[in-house]
Number of protein chains: 2
Amino acid sequence: MLIVKKFGGSSVANRERIFNVARRCIEDYKKGNDIVVVLSAMGDTTDELLELARSINPNAPKRELDMLLTTGEQVSVSLMAMAMHEMDIPAISLNAFQVRMHSTARYGNARFKRIDTDRIFHELEERKIVIVTGFQAVNKYDDYATLGRGGSDTTAVALAAALHADKCEIYTDVDGVYTADPRIVKNARKIDEIMYDEMLELATSGAKVLHNRSVEMAKKYGVELVVRSSLTSEEGTVVKEVVKMEKMLITGVAADRNTARISAMGVADKPGIAFKIFNTLAKRNINVDIILQSVGRDGTKDISFTVSEDDLKETLQILEEKKEALTIKEVTYNTNVSKVSIVGAGMLSNPGVAAKMFESLFNSNININMISTSEIRITVLIDEKDTDKAMVAIHDGFGLND
Amino acid sequence: MLIVKKFGGSSVANRERIFNVARRCIEDYKKGNDIVVVLSAMGDTTDELLELARSINPNAPKRELDMLLTTGEQVSVSLMAMAMHEMDIPAISLNAFQVRMHSTARYGNARFKRIDTDRIFHELEERKIVIVTGFQAVNKYDDYATLGRGGSDTTAVALAAALHADKCEIYTDVDGVYTADPRIVKNARKIDEIMYDEMLELATSGAKVLHNRSVEMAKKYGVELVVRSSLTSEEGTVVKEVVKMEKMLITGVAADRNTARISAMGVADKPGIAFKIFNTLAKRNINVDIILQSVGRDGTKDISFTVSEDDLKETLQILEEKKEALTIKEVTYNTNVSKVSIVGAGMLSNPGVAAKMFESLFNSNININMISTSEIRITVLIDEKDTDKAMVAIHDGFGLND
């Protein structure tokens, strides 16, 4: 079997953890598997390098930032190779230039275009464990370009796709995907198998365990993803196209507290205004989520929507700038809100799922502000303080712990 | 003019010094020159990375050590580019993969084979300051290989040769090459111009200011070298093929305390034994310096020679192993010795230089143990404790301060 294994920065933060990862890889290697390891930079290295850059130039060119940041992964892969050699296992580290991982030009947020496999297959044929720098690629200018946060997951999935790996294991500090965050919902249950689409909806709904770009890519290329713990040998959660039939209506509950609700008040009640507002925001790369439009009255209406709190400042700025063109009288906002979502392919064929969710919330006295749905997801916007209570209520309501 | 400028690790050890270097480069850039900057890793980075590697694997493969070490220069070049951008000057950093600096395969001690100039010229044509990682190259396996200590000087000279630069400036913490170490000989004088061969002899005789590999390469390709201070704007010392006629018999005095004298006693007095001894050492890459052979007596003789103190342990080991084959009765050694050399192309046509040197030493009551000469150098081995006194005596004897 060819297995791609990805370990994050905290898994390689010090000597002890580096050897722990080495042992995990060598275990599978000794069973006769071909092993490709993808690593992030050690611990807080990336943040420390960013801090160093800021001390020199707070507006450093992104091209040079990427040149700086890519050293982080190069350090961890070379140390990992040394650790494996110390354990008498042939290993070799490779960076993006050596593998030839090609990406789009955009510094700090590049996308993979093509990954050459010659070098990696050559090293695997010599029965070496191949250790590849995550998070980085080379663009058409022959410069380093990084993939943005969560980029090492994407590197692992992209490599697994290019190499036609049998599976891609993403090692984290939890032992799989849960029906809800176990720190909040005490009886949350680990999910054995989950479909790509469900995983994607969970990831975009606030479940931090996998980056949605990597899930999207896994789905596109049919890469079998496994989410598992770097600390235990538990089996973890398998993400794939078709899963075992289970009786579950829904697969999991997720919450996203990093949400702000914005209202544009007194907008002219005529066609095209809402379109203009959201088009303006889309052009600036701001992702608008749940949208609610009040019924028109006195020739005006109110348009409310949610954005990530990270985008709040910029969104307010844009609305202020374009206030007149967009016929907005007043803009208000609220950051004390959160989104709670249920996800499950089962709800496609089962009406009444939404009703059951609302009932659970009603029984716990939780008020719903806004609602949004996809084919396999229902999201409600509630007061942030009610988040934990809502998750427990829904989790219990659907009997997800069984 | 196209100028290659090289700055060592201490010149870029912190924010303030990075900006100081940036200013030095920008000054020449604004006069209309094309500027290529070669940098070492910041401060003690290389030693810290080696320490980190040792903590993982004391016998780490050299290939992986080079993969690790090369991150050091990549950090300094990217930070330098950021500093120049902060000062509104277009700059770009490049590593060995981007420039395509090709070397021999040997990790940790590679030699340049070919340097592509396309990328650098392309960036210079866009009026950018080009900042290149020193100390590193890419070998035929498409892997990083470092050039060994002093490698950044070699990178600068090699780039200057490949780009046909008008000059190559090596910035150090002294403002040029002196007639003697100014910390020892108070009235030592800065040399304005010096010939390659003289510089080479001084470098191999203990003057630390330039690495002899870089001087050799400068001579081979006719690169005009300038040694100058990164702290002052003094003119520095020019190293080139032909220099202005000066009245000086000798150019400078240098001392090397890192010397050990070894004696192989009671060796059979027959042909070929001395050859066998030195051939054995040469095969193990041990550089033997001054050699003295006693007159044969009772069918045996004593052979004495000097090696670098770094090689002492290994040399003694080899002699011990081959004691019988080499007919050695006993091996003795002394590390309390040092070599003092005078260098100068002027001595070629002036007999009596050696006599004058010996006279100066005699007047200061300094005993000479061994003597060795080249066309433009005379070296004496003396007691280590007499080193400073000898340098002052010779420096004064030849009137080098005038």
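What follows draws every value from the coordinates through simple rules; no lab data is involved. Nothing here was measured: the structure is a model prediction, and the numbers come from that model. Cβ sites come from the backbone with ideal geometry, for glycine too, and all protein chains shown count toward neighbours.
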> What are the label-to-label distances in nm, one decimal and shortest first, from B:Asp116 to the same spot in the other copies, with labels 7 Å along Cα to Cβ?
Replying inline: 1.1
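In the protein assembly as shown, what % of DSSP beta bridges are antiparallel (nearest 5)?
About 60 percent, rounded to the nearest 5.
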>> Just to be sure I understand the model, the point goes 7 Å from the Cα along the line to the Cβ. What's the resulting B:Ile371 to A:Ile371 distance in nm?
In response: 10.7 nm
> To the nearest whole percent, what portion of all C-alpha pairs in chain B is separated by more than 29 angstrom?
Replying inline: 52 percent
> If the viscosity is 1.306 mPa s and the temperature 10 °C, what Stokes-Einstein diffusion coefficient in µm²/s follows for the range A:261-332 when Rh is the Kirkwood radius over Cα pairs?
Replying inline: 132 µm²/s
> Within 10 Å of each Cβ of A:52-59, how many other protein chain Cβ atoms are there on average?
Replying inline: 5
> In whole angstrom, how long is each semi-axis of the equivalent ellipsoid of the range A:2-172, when you take the square root of 5 times every eigenvalue of its Cα gyration tensor and sort them from largest down?
Replying inline: 26, 18, 12
>> Charges on Cβ only, +1 for Lys and Arg, -1 for Asp and Glu, centred on the Cα centroid of the range A:164-216; of A:Thr204, A:Val215, A:Ala180, which one is farthest towards the dipole's positive end?
In response: A:Ala180
> How far is the Cα center of the range A:303-366 from the Cα center of the range A:1-28, in Å?
Replying inline: 40 Å
> Ranking A:Thr155, A:Thr45, B:Thr332 by Cβ neighbours within 10 Å, fewest first, what do you get?
Replying inline: B:Thr332, A:Thr45, A:Thr155
> Which of the listed residues, B:Val253, B:Ala274, B:Thr306, is farthest toward the dipole's positive end in the range B:214-343, when Lys, Arg count +1 and Asp, Glu count -1 at the beta-carbon?
Replying inline: B:Ala274
> So what's the back-of-envelope 222 nm ellipticity for the protein assembly as shown, counting only DSSP H runs of four-plus at -39500 (n - 2.57) apiece and dividing by all residues, rounded to 500?
Replying inline: -11000 deg cm²/dmol
> What order, most packed first, do the peptides A:88-100, A:390-402 have when packing is the mean number of other Cβ atoms within 10 Å of each residue?
Replying inline: A:88-100, A:390-402
>> I need the peptides A:59-71, A:120-132, A:277-289 ranked by packing, meaning the mean over residues of other C-beta atoms within 10 angstrom, with the highest value on top.
In response: A:59-71, A:120-132, A:277-289
> In peptide B:142-155, what is the residue-averaged number of other protein chain Cβ atoms found within 10 Å of each Cβ?
Replying inline: 1
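Of the listed pairs B:Lys356/B:Lys389; A:Lys128/B:Lys113; A:Lys6/A:Lys62; A:Lys31/A:Lys128; B:Lys186/B:Lys356, which have alpha-carbon separations greater than 19 Å here?
Beyond 19 Å between Cα atoms: A:Lys128/B:Lys113; A:Lys6/A:Lys62; B:Lys186/B:Lys356.
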>> Just checking the output field for B:68-80: average partner chain Cβ neighbours within 10 Å of each residue's Cβ?
In response: 6
>> Going Cα to Cα from B:Lys276, which lysines come in below 27 Å? Please leave out same-chain ones fewer than 8 positions away.
In response: B:Lys301, B:Lys313, B:Lys322, B:Lys323, B:Lys329, B:Lys339
